[in-house]
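Worksheet for the structure shown next.
What follows is calculated from the coordinates using simple rules that are stated; it is not laboratory data. Just so it is clear, the model here is predicted, and its values are computed rather than measured. Cβ sites come from the backbone with ideal geometry, for glycine too, and all protein chains shown count toward neighbours.
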Amino acid sequence: MSTPFKLVRVAALKSVADFRTHLQSLNLDLGLDDEIIQGDTSPLLQKTTWRGRTIGNRWAIHPMEGWDGTTTGGVTEPMIRRWKRFGESGAKLIWGGEAMAVRPDGRANMNQLIINEENKAGIAGLRETLIAAHKEKFGKTDDLIIGFQLTHSGRFCRPNDKKKWESRIAYRHPILDAKFSVTGDDQILTDDDLKRLVDCYIASAKIAAEIGADFVDIKHCHGYLLHEFLGAVTRSGPYGGSFENRTRLIREITEGIRAVAPNLGIGVRLSAFDFVPFKPNPELSQPGKPGPGMPEDFAHLLPYQYQFGINRENPLEYDLTETKQLLQLFTDLGIDLVNLSAGSPYYNPHIQRPAAYPPSDGYQPHEDPLISVVRQIKVVAELKAAFPKLILVGSGYSYLQEYLPHVAQHYVREGHVDIVGLGRMVLSYPHMLADATSAGKLLEPKLICRTFSDCTTAPRNGLRSGCYPLDDYYKTFEDAPALKLIKSGKKE
């Protein structure tokens, strides 16, 4: 798995035919259309209906948390700019906008937005900025749906110091504990802690409703707390062990939100599957240059009783059995918006955020990143076939670069996904799909995300996130010199 290979970069493929040939050389079955349909007949411009509302097209903006709020979780100028660009993107579904912590100690960084009474006016201003920017560029906003993502970062909490983990966990993990400085059972949230946490989610959702959010996302992805609870097989008590217990939190949170904000929609961003954590291959690593990825040793842990959507007998494979049980539970709870992702950027980023260039704490590709792109797209298609009434948002498209519109159009047109979500691509080129579907417009290659991972390397080193290579705002940003030093292998 760690054998070096020659990576063919997507930018080197000059046509759809070249891209298709490359996919065939990898034995990958990925649908893509030869031509992008522009104008009103574009599949990506077709409307869909949610709770009696219209979503005006088929692309969404994923949450783009920037590590750039105030230390009290408030709004700053770079954040306002980002939300303005979300509005200018043309996307009619804004999924979360920003990861918003439901309480201060649940932040992944000391500059994460906190959704509370103190910050209520500032967050309302973000929403208003987004709507105003969208209206100015596109004229119409009654088909624009905006949700707020509510989160507790759990194992990845660093609320007071950029370099100090203050992990709160669902259960002890034999691989991840050492990586995130978990040293004792006192870091496991108690059942009473969880009851208070449920109240925080409910209070935050009430604030979101008062601000005017159309829905809240009860975040269950990327190894954050509620996602970790889905895999809490080894935990005892009412929140662990059985599938029923491991999903108790989402049921209690949903019930509470419905009581205080009955008209507020509820969605979930979900890591539909996971793999065992990966690490750089130590035999192929050099100082300052991580080697290709390889799985952590798990042979002594079989059957593997950790994480969610994972094959217990071989945790290098997914198993969607419980994922489908969960989507059925969402259906029963009236949760009809689901945004699907995979794994975690903290411990196996290649399956969640395929990239040609790793972040500073990552590893080099050990296989073509298109393998992970296709895996995510295929999983979404399988789940869409099983749950046709759910509105499913797909992820993992940024690595497709020039061919993102060709693939997105194909899978929307074929009904394999309802809405295509864009994440890091939005940082450099927020209006990419608007350009792709506008008659007479061409894509701007100089703005297309090449997965340099600076948007992750920066926050991993305590700096603010942004597209430093391609966005003029961040090229001259005050954090840019420090990031350049870090990438050169030097520290300030």
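Points to keep in mind about this one:
- Shape index of segment 10-439: Rg/Rh, with Rg the Cα radius of gyration and Rh the Kirkwood radius from the inverse mean 1/r over Cα pairs, equals 0.94.
- Selected from L485, P459, P469, residue furthest toward positive end of dipole (segment 452-492; charges at beta carbon): L485
- This ranking places Y357, Y363 by how few other beta-carbon atoms lie within 10 Å of each, fewest first, which gives Y357, Y363.
- Basic side chains Lys and Arg get +1 at the Cβ, acidic Asp and Glu get -1 at the Cβ, and with that the dipole of segment 452-492 about its Cα centre reaches some 240 debye.
- Exposure proxy for L93, L194, L400: other Cβ atoms within 10 Å of each Cβ, ordered fewest to most, give L194, L400, L93.
- Out-of-range pairs (alpha-carbon distance over 20 Å; input K219/K487; K164/K195; K14/K446; K179/K279; K289/K487; K92/K137): K219/K487; K164/K195
- Rounded to 5, percent antiparallel among DSSP beta bridges of the chain: 20 percent
- Partners for K162 among aspartates and glutamates (Cα-Cα distance below 20 Å; same-chain residues under 8 apart left out): E65, D68, E98, D105, D177, D361, D454, E478, D479, E492
- Relative contact order of segment 1-62, pairs being alpha-carbon contacts under 8 Å that are 6 or more residues apart, as %: 15 percent
- As a rough footprinting exposure proxy, the listed residues K279, K162, K6 were ranked by other beta carbons within 10 Å of their own, and the order from fewest upward is K6, K162, K279.
- Within the chain, helix-based [θ] at 222 nm, where runs of 4 or more DSSP H residues each add -39,500 (n - 2.57), nearest 500: -9500 deg cm²/dmol
- Ranking G223, H62, L249 by Cα position along the charge dipole of the chain, where only Lys, Arg, Asp and Glu carry charges on their C-beta atoms, puts H62 farthest toward the positive end.
- Sparse-neighbour loop sites [GluC sites (Glu not before Pro); segment 1-100; at most 11 other C-beta within 10 Å; DSSP]: E35
- When +1 charges are put on Lys and Arg Cβ atoms and -1 charges on Asp and Glu Cβ atoms, the dipole computed for segment 10-439 relative to its Cα centre reaches about 600 debye.
- Relative contact order, percent, the chain [alpha-carbon distance under 8 Å, six or more residues apart]: 17 percent
- Cα centroid separation, segment 198-245 to segment 288-336: 18 Å.
- Cβ crowding within 10 Å averaged over residues, with 206-213, 341-348, 405-412 ranked highest first: 341-348, 405-412, 206-213
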